[in-house]
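Working notes, beginning with the structure itself.
The values are calculated or read from the model by the stated rules, or taken from the named source; none is laboratory data. The shown structure was predicted, so the numbers you read here are calculated from the model rather than taken from an experiment. All Cβ positions, even for glycine, are placed from backbone atoms using ideal geometry, and neighbour counts span all protein chains on display. For accessibility, only protein heavy atoms count, side chains too; no ligands or nucleic acids. Shrake-Rupley method; radii C 1.70, N 1.55, O 1.52, S 1.80 Å.
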Amino acid sequence: MPSQPLQHVFPKVSNYDPEWVRQHSMGENVLFNLESLTKSLELKPGMRVLDLGCGKAISSIFLAKEFGVDVWAVDNAISASDNYQRILDAGCEGKVTPLEADARALPFAEEYFDVVIVVDSYTYFGTDEKYLPYIARFLKPEGYLAIVDVCFTKEIDSLEQVPDFLREDYQKYWYFIHTVDWWRKLWEKTGLVHIEAAQELEEAQHVREQYVKDFEKEGQPDPFAKALHLDNQNFVSFFKLIGRRTQKTAYLQNYKKETKK
């Protein structure tokens with residue numbers, strides 16, 4: 001069972017088998033990050049939620065069970081059939097729909113979702129300045145795009161600024177990581193979303209410590225866990241960024257026209 005402090009910080013996640021969560025998390029504890037994110041969201045039963053980059057779909061199962069929302073679990077690297085079996089085993093058939101699809105080629109109608117949630121994967125595609133206008137198409141006006149992911153506490157603008165503990169793996173795993181402020185500015189300048197939250201997770205230290213412990217137990221090499229273990233200045237952290245889609249704008253309408261040419 002989780003320790004008492006973790007039960008206090010993550011009361012919802014504490015009801016799930018930690019071994020099951022660890023086995024199906026592709027990196028740090030996905031449900032820790034997700035519960036941290038949902039503390040800033042008002043999810044209601046019946047909402048349509050896109051869980052983009054869902055991995056092994058336990059984040060989707062969590063959303064359906066804890067909030068009663070209808071979830072589309074989308075990932076391009078994990079078999080939809082495997083995710084469907086996990087969904088069945090969790091008793092979420094009819095509440096979670098698994099799909100294999102690329103984040104840049106989604107098979108949904110425009111303005112279909114109330115909320116798009118991206119846990120631990122937005123950094124892989126969202127640094128493209130054109131991605132926010134693309135994903136915003138699938139949100140209803142006033143709908144929410146909410147991400148939680150890894151960040152730096154200081155921006156790296158050149159290789160000379162890379163901390164020593166990141167140098168070995170920086171050009172493989174870390175070059176696309178940025179600060180919260182970098183992400184906030186990327187979203188704000190589009191005019192497509194109103195920023196509701198842009199901050200480091202209050203629970204970041206718990207996520208860090210547990211991630212390192214999990215990989216120490218398994219004895220498997222992991223560049224991310226190694227970096228967290230060596231990071232004695234909290235240079236690496238976790239953040240949440242939540243934007244509420246504005247009403248239809250000329251910018252979004254023009255983007256739709258351009259993509260249809």
Keeping all protein chains in position, work out how much accessible area residue 148 exposes to a 1.4 Å probe, and write it in Å² to the nearest 10. 0 Å²
With the cut-off at 20 Å, tell me which of the pairs 95/240; 44/189; 12/39; 56/130 have Cα atoms farther apart than that. 95/240; 44/189; 56/130
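Would you work out if the chain is rounded, prolate or oblate? Take a ≥ b ≥ c from the square roots of the eigenvalues of the alpha-carbon gyration tensor; rounded if a/c is under 1.5, else prolate when a/b is larger than b/c, oblate otherwise.
Because a/c hits 1.5 or more and a/b fails to exceed b/c, the chain counts as oblate.
Check each of the trypsin sites (Lys or Arg not before Pro) in the range 26-85 and keep only those in coil by DSSP with at most 14 other C-beta atoms within 10 angstrom; list them in order.
39
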In whole percent, the fraction of accessible protein surface over the chain that belongs to carbon or sulfur atoms, probe radius 1.4 Å, stands at 47 percent
Quote the accessible area belonging to residue 142 in square angstrom, nearest 10, computed with a 1.4 Å probe and with ligands, DNA and RNA left uncounted. 80 Å²
Determine the distance separating the Cα centre of the range 200-232 from the Cα centre of the range 25-96; give it in Å without decimals. 23 Å
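For the range 6-245, with only Lys/Arg (+1) and Asp/Glu (-1) charged at the beta-carbon, what is the dipole magnitude about the Cα centre, in debye rounded to 20? Show your work: numbers first, answer last.
Values: 26 positive and 40 negative charges, 105 e Å.
Dipole size: approximately 500 debye.
Sorting 81, 59 by accessible area (1.4 Å probe), largest first, what list results? Don't skip to the end; give the middle numbers.
Working: 81 85, 59 0 Å².
Result of the area sort, largest leading: 81, 59.
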Calculated from DSSP helices alone, with each H run of at least 4 adding -39500 (n - 2.57) and the total divided by the residues of the chain, [θ]222 nm to the nearest 500 comes to -9500 deg cm²/dmol
Where chymotrypsin sites (Phe, Trp or Tyr not before Pro) fall in DSSP loop in the range 129-181, at most 16 other Cβ within 10 Å: 175, 176
Per residue accessible area of the range 6-245, 1.4 Å probe, in Å²: 45 Å²
Suppose accessible area is computed on protein heavy atoms with a 1.4 Å probe; arrange 226, 130 from highest to lowest. 130, 226
